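Student: Below you'll find the structure I mean.
The values are calculated or read from the model by the stated rules, or taken from the named source; none is laboratory data. These figures come from a predicted structure and were not determined experimentally. Note: ideal-geometry Cβ built from the backbone for every residue, glycine included; neighbour counts use all protein chains shown.
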Amino acid sequence: MESRLKIGMVCYPSIGGSGIVATELGMLLAAAGHEIHFISYERPVRLKCGENLFYHPVVVNEYSLFKYPDYTLPLSVRIMEVCAEHQLDVLHVHYAVPHATGALLAKQMLGPDKKCPVILTTLHGTDTNLLGKDPHYRPIIKYSIENSDGVSTVSESLKVQTIETFGIQHSIKVIPNFYAPATVKPSREEVRQELQVTEAEHLLLHMSNARPGKRVIDVLKAVARLNNRSRVKLLILAGGDFEPYEAEVMRLDLQDRVIVIKDVKDIEPYLNACDLGLYASEAESFGLSILETLAHGKPVVATDVGGIPEVVQDGRTGLLVPPHSPEALADAIDQLIDHPEQMTAMGQAAAEDAKARFAPPVIRDQYLRCYRDLLASL
């Protein structure tokens, strides 16, 4: 029997993709008997502490001496304290900056006389796609990646982009995100009735933080162009401010076609109630919302960018189109609505593929092998 590991999970506590993945992974590992310690400035929104699960807050004090509050330094101190007190084997940090940076500082503070955990840094995209373009951040991101014991990315696309952006020499392992549908209540019929969507209508679903890169504007334009416009409704689950798009909804005369719900924590009922996912991102490291849609047995129309082709099998579980093309999005949606048998077959294939490639136990075991390989290399 393999030994029980003590793992520190350092992440942002938000409902964003990386925070969700880190929290769900920690809970999976705890359920498998490992001891998991979350370290963050707030308790992760989905974290339910219990057997094998612990939360250690990072306290950030503001001093007039500092113009801006600092997070990295108090984070590194808290990591050091948790490592020393609980004798952690692994620090799994999500994002190079500030989490890997803080972990490396903590390791230096522990010194050679105390047990130091191995550091696995998982890159979710922001380090490379956003901060990596900033010359003021690029050197510390590269340093934090290169000095981690292990590095993983959530897609092959992000791995290639990271190597190109930073000139990384460190080996990088690809371990994708994961998801499995939960038991859903209320029923599909109840949710659709609440949304005032009839069974004769096709419910399209878009889930995102509504930032510019998600191209919500293209989603709206695509729906406006549909030949089947009168037969669809678009549900947008917005994790951010939707106000910038309200004028476009009016301009396109979509008031009776678009339903917007903000800051939804329980997405399962809506995934179960929809018929088709619609995603128009101009860049995407993985596409967790896309995987969630596929896993519920719903095909996806999405842009052929970044890690999305690694999640969606074009022509089998969904249709991929060029970015910045509402016309192509609309054509693909119309194709599936006009051929319901194709939509049904794609939905079935989507659920099967998600279960085979992205099931939580499958990805959990990949991380466990990675942890043990790093420990064995010491």
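Student: List the helices (runs of 4 or more DSSP H) that sit entirely inside the range 241-335 and contain at least 2 residues that are hydroxyl-bearing (Ser, Thr, Tyr) and under 26 Å from Ser14 (Cα atoms). Even if it seems obvious, please write down each step before you answer.
Tutor: Values: elements: 243-251, 268-273, 288-295, 308-311.
It comes to 288-295.
Student: Only residues in the range 355-368 that are more than 18 Å from Val118 (Cβ to Cβ) count as the first member; pair them with residues that are at pLDDT 95 or above and in a helix (DSSP H, G or I), Cβ under 6 angstrom, at least 6 apart or cross-chain, and list the lot.
Tutor: Qualifying pairs under 6 Å: Phe358/Leu291; Pro360/Leu28.
Student: Listed residues Tyr71, Tyr95; which is of a type in the set (Phe, Trp, Tyr), surrounded by 13 or more Cβ atoms within 10 Å (Cβ to Cβ) and touching a residue at least 60 places away in the same chain (Cβ under 8 Å)?
Tutor: Numbers: Tyr71 fails: touching a residue at least 60 places away in the same chain (Cβ under 8 Å).
Result of the check over Tyr71, Tyr95: Tyr95.
Student: Read through the list (1) under 28 Å from Val264 (Cα atoms); (2) in contact (Cβ under 8 Å) with a residue 24 or more places away in the chain, then give the number of the only condition that Thr198 fails.
Tutor: (2)
Student: While we're looking at this one, here's another question. Report yes if Val197 is assigned to a loop (DSSP other than H, G, I, E, B) and either farther than 23 Å from Met343 by Cα or not basic (Lys, Arg) (or both), otherwise no. Show your work before the answer.
Tutor: Details: assigned to a loop (DSSP other than H, G, I, E, B): yes; either farther than 23 Å from Met343 by Cα or not basic (Lys, Arg) (or both): yes.
Against the criterion (assigned to a loop (DSSP other than H, G, I, E, B) and either farther than 23 Å from Met343 by Cα or not basic (Lys, Arg) (or both)), Val197 qualifies.
Student: Out of curiosity, is Ala283 touching a residue at least 12 places away in the same chain (Cβ under 8 Å), within 21 Å of Leu130 (Cβ to Cβ) and among the hydrophobic types (A, V, I, L, M, F, W, C)?
Tutor: Working: touching a residue at least 12 places away in the same chain (Cβ under 8 Å): yes; within 21 Å of Leu130 (Cβ to Cβ): yes; among the hydrophobic types (A, V, I, L, M, F, W, C): yes.
Yes; evaluated as a whole, the condition is true for this residue.
Student: Among Gly111, Gly150, which is the only one that is among the small types (Gly, Ala, Ser) and at pLDDT below 95? Break it down stepwise before answering.
Tutor: Details: Gly150 fails: at pLDDT below 95.
Result of the check over Gly111, Gly150: Gly111.
Student: Quick check, is Ser289 of a type in the set (Ser, Thr, Tyr), outside the structural domain of Ser18 (by TED's automatic domain parsing) and surrounded by fewer than 23 Cβ atoms within 10 Å (Cβ to Cβ)?
Tutor: Details: of a type in the set (Ser, Thr, Tyr): yes; outside the structural domain of Ser18 (by TED's automatic domain parsing): yes; surrounded by fewer than 23 Cβ atoms within 10 Å (Cβ to Cβ): no.
So Ser289 does not fit the description; no.
Student: Kindly indicate whether Ala302 is aliphatic (A, V, I, L, M) and farther than 25 Å from Val191 by Cβ. Quick ask: steps written out before the conclusion?
Tutor: Values: aliphatic (A, V, I, L, M): yes; farther than 25 Å from Val191 by Cβ: no.
So Ala302 does not fit the description; no.
Student: Here is a further query. What are the residue pairs meeting all of these: first residue in the range 207-236, first residue under 18 Å from Ile290 (Cα atoms), second residue acidic (Asp, Glu) and in a loop (DSSP other than H, G, I, E, B), Cβ atoms under 7 Å, and 6 or more apart or on different chains?
Tutor: So the pair list comes out as Ala210/Asp241; Gly213/Glu282; Arg215/Glu282.
Student: While we're looking at this one, here's another question. Do we have any residue at all in the range 63-86 that's among the hydrophobic types (A, V, I, L, M, F, W, C), under 21 Å from the mean Cα position of the chain (by Cα), closer than 16 Å to Pro13 by Cβ and not in a loop (DSSP other than H, G, I, E, B)? If you could, list the steps in order and put the result at the bottom.
Tutor: We begin by selecting, within the range 63-86, every residue among the hydrophobic types (A, V, I, L, M, F, W, C); these are 65-66, 73, 75, 77, 79-80, 82-84.
Filter once more, keeping what is under 21 Å from the mean Cα position of the chain (by Cα): none.
The answer is no, given that none of the residues of the range 63-86 is among the hydrophobic types (A, V, I, L, M, F, W, C), under 21 Å from the mean Cα position of the chain (by Cα), closer than 16 Å to Pro13 by Cβ and not in a loop (DSSP other than H, G, I, E, B).
Student: Let me ask another. Filtering the range 338-378 down to residues that are of a type in the set (Gly, Ala, Ser) and in a helix (DSSP H, G or I), which residue is nearest to Asp149 (Cα to Cα)?
Tutor: Start the filter on the range 338-378 by keeping residues that are of a type in the set (Gly, Ala, Ser), which leaves 345, 347, 349-351, 354, 356, 359, 376-377.
Those still in the list that are in a helix (DSSP H, G or I) too: 345, 347, 349-351, 354, 356, 376.
Numbers: Ala345: 43, Gly347: 40, Ala349: 38, Ala350: 35, Ala351: 35, Ala354: 30, Ala356: 29, Ala376: 11 Å.
My answer is Ala376.
Student: Is it the case that some residue within the range 57-65 is closer than 18 Å to Arg372 by Cβ, surrounded by fewer than 17 Cβ atoms within 10 Å (Cβ to Cβ) and not assigned by TED's automatic domain parsing to the domain that holds Ile290? Even if it seems obvious, please write down each step before you answer.
Tutor: From the range 57-65, those closer than 18 Å to Arg372 by Cβ are none; that's our starting set.
No, that holds for no residue.
Student: Let me ask something else about it. Residues to consider are Gly150, Gly167, Gly125; find the one that is on the phi > 0 side of the Ramachandran plot, small (Gly, Ala, Ser), touching a residue at least 24 places away in the same chain (Cβ under 8 Å) and in contact with a Leu (Cβ under 7 Å, 6 or more places away or on another chain).
Tutor: Details: Gly150 fails: on the phi > 0 side of the Ramachandran plot; Gly167 fails: in contact with a Leu (Cβ under 7 Å, 6 or more places away or on another chain).
Every option except Gly125 fails the conditions.
Student: Right, another one. How many residues are surrounded by fewer than 20 Cβ atoms within 10 Å (Cβ to Cβ), more than 18 Å from the chain's Cα centre (by Cα) and of a type outside the set (Ser, Thr, Tyr) when one looks only at the range 19-52?
Tutor: Total satisfying the criteria: 10.
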